[in-house]
1. Can you work out the PRE-style zone for THR726? Point 7 Å along Cα to Cβ, and I want the residues of the range 678-698 with backbone N under 18 Å.
2. Mind giving me the nanometre distance, one decimal, between the label points for LYS675 and ARG105, set 7 Å out from Cα along Cα→Cβ?
3. For the pair ARG749 and LEU668, what calculated FRET efficiency results from E = 1/(1 + (r/R0)^6), where r is the Cβ-Cβ distance and R0 = 30 Å, to the nearest 0.05?
4. If R0 is 35 Å, what FRET efficiency do you get for ASP253 and THR481 from their C-beta distance, rounded to 0.05?
5. Please give the peptides 201-209, 252-260 ranked by average Cβ packing (other Cβ atoms within 10 Å per residue), highest first, as a rough proxy for protection.
6. What's the magnitude of the charge dipole for the range 1-50 around its Cα centre, counting Lys and Arg as +1 and Asp and Glu as -1 at the beta-carbon? Answer in Debye, nearest 20.
7. Give me the extension gain from ILE661 to ASP700: residue separation times 0.36 nm, minus the current Cα-Cα distance, reported in nm with one decimal.
8. Which residue, MET209, THR182, ALA221, has the largest displacement toward the positive end of the dipole of the range 176-234 when charges sit on each Cβ (Lys, Arg +1; Asp, Glu -1)?
Amino acid sequence: MKVKDFAKALKTEPSVLLERMQSAGLSHKSESDEITPSDKQALLLFLKDRKSGPKKVVTTSDGDIKAKPKPSATKKTSSGKSFTDNIEAKRKAAAEQLKEQQKKREDQIKEAIKLKQEQAKASKKPVPGTPQKPSKPVDVKDQLSKAANEYARKESSFSKDSSHQFEKPDEFIKKDIEIPSTILVGELAKLMSIKGGEVVKELMSLGVMATINDSIDQETAILVTEEIGHNGVPVADESVEDQIIGQIEYSDDQSPRSPVVTVMGHVDHGKTSLLDYIRKSKVADGEAGGITQHIGAYEVELKDSKITFIDTPGHAAFSQMRARGANTTDVVILVVAANDSVMPQTEEAINHAKAAEVSIVVAINKIDLQDADAEKVKGDLAAKDLVPEDWGGNVQMIPVSAQTGEGIDKLLEAVALESELLELKAHHSGPAQGVILESELDKFKGAVATLLIQNGTLKVGDMIVSGMSYGKVKNISSSSTSKLKNAGPSDAIEVLGLNSAPDAGESFQVVKSEKEAREIAQFRESSIKDKKVLKQRDENLGNLFENMGSGSKKILNVILKADVAGTSEAISAALQDAGNDEASIKIVSTGVGGISESDVNLALATESVLLGFNVRADNAAKKLVEENDISLSYHSIIYELIDDAKARLTGMLDPIIKEEIVGNAEVLEVFNSPKFGQVAGCMVVEGSIFRNKPVRVLRDDVVIHQGELDSLRRFKDDVGEVKNGTECGVGIRNYKDIKPGDKIEVYDRKEEAQSL
């Protein structure tokens with residue numbers, strides 16, 4: 001930091017600051033000199049010592065010397081009035097007293113005048129033998145003037161003596177400013193005791209456009225506070241959520257629970273088929289495109305135990321769903337096809353499992369195929385730091401076949417062994433808490449949420465809150481039972497009764513009453529709105545600066561509706577990754593459930609396209625779409641939807657103009673024709689010369705002119721094309737400076753569609 005910048009922060013002149021620094025023994029002489037932190041410390045120590053040193057003195061009107069009082073805030077008297085109010089009262093009292101004194105003085109003057117007149121009358125008769133002196137008349141105006149001057153003198157003396165004696169602080173007073181997660185610009189200015197405009201000015205210097213009525217985030221507020229010179233202290237907001245939920249306490253001791261197992265792996269490696277065989281059902285046959293596109297949770301009863309399985313998608317777009325599955329599980333079954341070995345989503349699943357620090361059991365699937373090579377799979381996995389037990393490692397790798405059932409029992413035994421080693425426990429009594437695996441809107445049932453309970457017991461009639469959704473549990477069901485009275489730890493269940501579909505991955509919590517649940521949901525909704533406003537403002541500003549001077553960026557607005565929340569999340573992430581510097585996709589709105597009339601109206605207002613994934617538009621929405629010619633498309637396979645959106649975005653891009661040189665000619669002679677003007681006699685040395693195509697004139701390999709041919713002749717005939725090795729006469733439109741040795745380059749322009 002330079003001297004002038006430090007002076008600006010301290011709100012003083014650079015010259016004054018330099019004088020103080022030199023008094024402190026520092027060598028700085030110019031405003032552009034740099035100030036180190038040690039220099040600042042030395043200056044502050046000097047100023048502190050000076051402040052605590054000998055007191056300043058002032059000289060009174062009487063010549064006495066007295067200590068100058070320290071600056072102080074307005075004091076309160078015993079009567080409750082401020083010191084300033086007492087001064088004003090004393091001043092008024094003194095003025096009244098002086099008026100009375102003046103009046104009394106005037107009366108005395110009048111009496112003196114009357115007495116003098118009487119004495120003059122008595123002395124009219126001269127005393128014999130005494131010389132006569134003329135009597136001096138009394139000047140009344142002079143006497144009144146003296147009285148007025150005396151009053152003014154006393155008033156001035158009183159004002160001088162009763163001044164507040166306050167001093168402006170010599171140094172900037174640094175304060176600790178407590179800053180919450182979000183704060184209004186005007187409120188921040190009040191905390192720092194400065195004008196709001198100064199904060200706005202500082203924000204603009206940091207690239208943040210905000211008014212005094214706008215909110216800024218905690219990080220930005222701290223930065224502004226420190227730039228102004230104060231110390232920003234972040235404080236956590238004590239929310240309604242914290243007050244109601246707080247720290248969950250359970251009275252019972254933890255007891256054993258069932259394991260939660262997540263099946264992960266690359267797309268089409270047989271995850272759902274494997275789980276299908278274990279469950280003895282046909283889930284995979286019903287999947288669109290033969291791939292799983294949302295998280296499924298199933299409970300499987302074994303001999304003396306129960307295992308909860310979570311099936312995750314393998315498509316690249318479902319990375320967040322796989323991460324969520326890994327974070328809510330105890331054991332991961334990594335399915336690897338014996339004929340494909342390790343693939344991109346396999347590596348991703350391994351990384352998710354390692355990040356979540358969960359145990360991994362590898363199922364080498366499709367060993368019934370002829371090209372299966374289990375040993376190659378083991379080698380590829382060993383290269384990814386998953387060493388099989390038979391190679392001296394600690395990872396169980398079981399060859400299985402989802403079609404024949406070979407190795408399935410060994411796989412389940414391996415999972416049971418891993419679970420025993422983990423010694424899984426949970427609280428079984430008390431309020432339930434856990435995580436939302438998936439949610440959707442059913443036309444007949446309303447909001448349906450798939451929950452995984454991690455602690456406590458959930459009962460019908462409990463009030464739960466998850467994100468901005470809340471409601472009383474009306475029905476509990478599992479993959480095997482349609483109606484349950486309660487559910488405990490490790491149970492994956494479907495719940496009815498929420499007012500809306502919660503976001504996948506959100507935690508849920510049982511609360512005491514609907515009032516508490518509503519307050520928490522409203523608080524979360526308000527917080528999310530504030531964050532969205534801040535994010536949108538930053539995005540708009542970023543887009544403004546990004547597009548400045550470079551033309552406008554193409555934006556495809558999309559409104560997405562999907563069948564479940566997890567799929568909507570995955571598609572949104574995939575669409576936002578599509579695009580480039582010239583065009584991108586903006587997700588205007590996402591939701592769960594069918595396309596409604598309000599969705600169409602939003603699309604009409606924002607000029608958006610409507611994309612439906614495993615959902616349809618209702619009759620009112622269809623009619624509105626047809627009337628307003630709004631683009632609407634349905635999809636059931638995620639990569640087809642993404643390809644459709646990319647195709648739409650590609651169509652918005654400006655075509656690429658490519659130039660292709662089709663011929664070159666060298667100027668041999670230049671002729672002047674009365675009919676055609678300047679004509680260049682040329683030899684075509686490469687390609688062909690066309691009359692209707694643009695040309696360039698080059699001299700010493702430098703382009704000196706671009707234009708069109710005015711004429712192209714072969715002997716006396718006008719022609720449209722002259723081929724390589726042929727002489728011709730060329731006339732260039734509106735150009736008369738061609739010389740022998742110049743080259744004429746003929747080219748063609750072609751448009752090509754851009755691709756993402």
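Read-outs: derived from the displayed coordinates by stated rules, not from any lab. Here the structure is a predicted model, which means the values were calculated and not measured. Methodologically, a virtual Cβ is constructed for each residue, glycine included, from the backbone with ideal geometry; neighbour enumeration extends over all protein chains shown.
1. Of the residues in the range 678-698, 680-694 have backbone N under 18 Å from the label point off THR726.
2. 12.1 nm
3. The value I calculate is 0.60.
4. Here the calculated transfer efficiency is 0.80.
5. So the order, starting with the most tightly packed, is 252-260, 201-209.
6. 160 debye
7. 12.2 nm
8. Selected residue: MET209.
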